[in-house]
């Protein structure tokens, strides 16, 4: 019943974890940061640029599992600095339209590679 999901359309795991795990009709995605899946490099751009890359990575993992952003039930957003909240939200809205998933947003955390945004999701299939 438990299935590991991987795709080369999102960054490889940089540690002992999976990009996502399917359990029944649920997907549990590991936190994604702004790593370009093509060249493996960190994208240190603006918070908006990092958020866009993170959500594109999430979209790729969801699609590899047969799901999509419309099936996202919950997002946990981690920001290095609370002042980045509005900039992150502008891009976030572009990906989720008006039927938003439940969400947690925490700031003041250290994120891999000195990046400013990390997002993890739980989705249905």
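Listed by position, the strands (runs of 3 or more DSSP E) contained in the stretch 11-120 that have at least 1 residues being under 30 Å from residue 1 (Cβ atoms) and touching a residue at least 60 places away in the same chain (Cβ under 8 Å) are 20-23, 26-29. Criterion applied to 80, 48, 123 was being touching a helix residue (DSSP H, G or I) at 6+ places or on another chain (Cβ under 9 Å) and over 23 Å from residue 13 (Cβ atoms), and the one residue passing it is 48.
Every number here is computed from the coordinates shown, using simple stated rules; none is lab data. Please read these numbers as outputs of a predicted model, since none were measured by experiment. Ideal geometry is used to build each Cβ from the backbone, glycine not excepted, and the neighbour counts take in all protein chains shown.
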